[in-house]
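Trainee: Below is a structure I'd like to ask you about.
The values are calculated or read from the model by the stated rules, or taken from the named source; none is laboratory data. Quick caveat, the model's predicted, so the values are computed rather than measured. Side chains included, ligands, DNA and RNA excluded: accessible areas come from the protein's heavy atoms. Shrake-Rupley method; radii C 1.70, N 1.55, O 1.52, S 1.80 Å.
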Amino acid sequence: MKTGNVTNETKLGGRFTFPGTSLTIQRMGYGAMQLAGPGVWGPPRNPDEAVAVLREAVAAGVNHIDTADFYGPHVTNQIIRKALHPYPTGLVIVTKLGARRPADGSWQPAVSSQDLTEGVHDNLRNLGLDTFDIVNYRAMGAIHGPAEGSIAREVAVLADIKRKGLIRHIGLSNVTAAQVAEAQALTDIVCVQNNYNLANRHDDALIDDLAGQGIAYVPFFPLGGFTPLQSSTLSAVADRLEAKPMQVALAWLLHRSPNILLIPGTSSVAHLRENLAAAQLTLSPETLVELDGIAAATVAEKH
Ligand SMILES: NC(=O)c1ccc[n+]([C@@H]2O[C@H](COP(=O)([O-])OP(=O)(O)OC[C@H]3O[C@@H](n4cnc5c(N)ncnc54)[C@H](OP(=O)(O)O)[C@@H]3O)[C@@H](O)[C@H]2O)c1
């Protein structure tokens, strides 16, 4: 892989400080959803590898891990605890609330005051934490993404839990720009986690707006999630740079905006290594233009 000037400071994409906080993390983090079993349900196929992925990520300097107690359910948090507890100083574990998984494996909203409060306690217990640095309220939205509608009641519940000291900072997930603004009228928001990648640019305007406010934007499905990114342009760029397509997709996100933080998910140590190395890939302005064409082509194909 051809890389630019890499220092320890830039090895994982450089640092980002959440607005109004003393929390500083590396921009390249890790998303833990892939550590549960197939369908984000039950134990992993390879529990030893799951532990190894987490330990290697932290050993490499990752200090931002995204999780949820509804992954598994409970499984992912329990693996994080097994692999990493007692947690190293500076490790920021971010969880999310707003869903539950009944026995049929479906994803159901869990948004009452009691659901959200119990959710914080479940997450704390399964991770072995006393308090959270950041908790995201994850709105259920529609099948393909966020849906408009007030989230004020749920955000107010999180703000109340924050006043009680169990949460230090609040983020949002699967939300629209209007919902972000509504939440900001109630409490400080430090990050937004939505579906975004090279082929899905729906949030371009929101990312720029949040960047102006210093708020983190954390794309979920940065590699395409359940349908991994596939594009001849992406493959051609990767070949030219002697890199893997997934590395180029991650590097593009880091170049897209300085407030973008990465949490690619993987159950494999080999893929983890590739993903972390992506932060060392420099993309030229011409290559960025070429990659920007992927989303335009995707939109054109759909019409
Ligand atoms: N807020 C939300 O609603 C929400 C929704 C979804 C996810 N998330 C969070 O976002 C994180 C990232 O999303 P995600 O894990 O669903 O999707 P993703 O990061 O876009 O992609 C994960 C998929 O890519 C594969 N993969 C990873 N690295 C690879 C590599 N170097 N080469 C080839 N394949 C690779 C993984 O398989 P292997 O395991 O085989 O590597 C897995 O199938 C999650 O882990 C979770 O923490 C949040």
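Trainee: Specify the angular offset, from 0 to 90 degrees and rounded to the nearest 10, of the alpha carbon long axis of helix 204-213 from the longest principal axis of the alpha carbons in the chain.
Mentor: On a 0 to 90 degree scale, this one is about 70.
Trainee: With the chain treated as a Gaussian network of Cα nodes joined by springs under 10 Å, which of P19, P285, P44 yields the largest mean-square fluctuation?
Mentor: In the Gaussian network model the winner is P285.
Trainee: Using a 1.4 Å probe, how large is the accessible area of V40, given in Å² and rounded to the nearest 10?
Mentor: Taking all protein chains as shown, V40 has close to 10 Å².
Trainee: Where does each of K244, K162, K82, K96 land when they are ordered by accessible area, with a 1.4 Å probe and the largest first?
Mentor: K82, K244, K162, K96
Trainee: Another question, then. Counting only protein heavy atoms and using a 1.4 Å probe, what share of the accessible area of the chain belongs to carbon plus sulfur, as a whole percent? List each step's numbers first, then the result.
Mentor: Working: 7080 of 13310 Å².
Accessible surface attributable to carbon and sulfur in the chain totals 53 percent.
Trainee: To the nearest 10 Å², what's D188's accessible area with a 1.4 Å probe?
Mentor: Counting only protein heavy atoms, D188 exposes about 110 Å² to solvent.
Trainee: Also, I was wondering about something else. Sorted by accessible area (1.4 Å probe), largest first, how do D160, D48 line up?
Mentor: Sorted by accessible area, descending: D48, D160.
Trainee: Quick one: 3J(HN,Hα) in Hz for the range 262-274, Karplus 6.51/-1.76/1.60 with θ = phi - 60°, rounded, Gly and Pro as x.
Mentor: With the stated coefficients, the range 262-274 comes to 9, 9, x, x, 7, 9, 10, 4, 4, 5, 4, 4, 4 Hz.
Trainee: Calculate how steeply helix 113-127 sits against the longest principal axis of the alpha-carbon atoms of the chain, using the helix alpha-carbon long axis, and give the answer as 0 to 90 degrees to the nearest 10.
Mentor: With both axes taken from Cα atoms, the answer is about 60 degrees.
Trainee: Just by accessible area at a 1.4 angstrom probe, what is the order of M246, M1 from largest to smallest?
Mentor: The ordering from most to least exposed comes out as M1, M246.
Trainee: So what's the angle, to the nearest 10 degrees on a 0 to 90 scale, between helix 152-163 and the longest Cα principal axis of the chain?
Mentor: 80
Trainee: Additional query: Averaged per residue, what accessible surface does the chain expose to a 1.4 Å probe, in Å²? Don't jump to the answer; show the numbers that get you there.
Mentor: Working: 13310 Å² over 303 residues.
Per residue, the chain has an accessible area of 44 Å².
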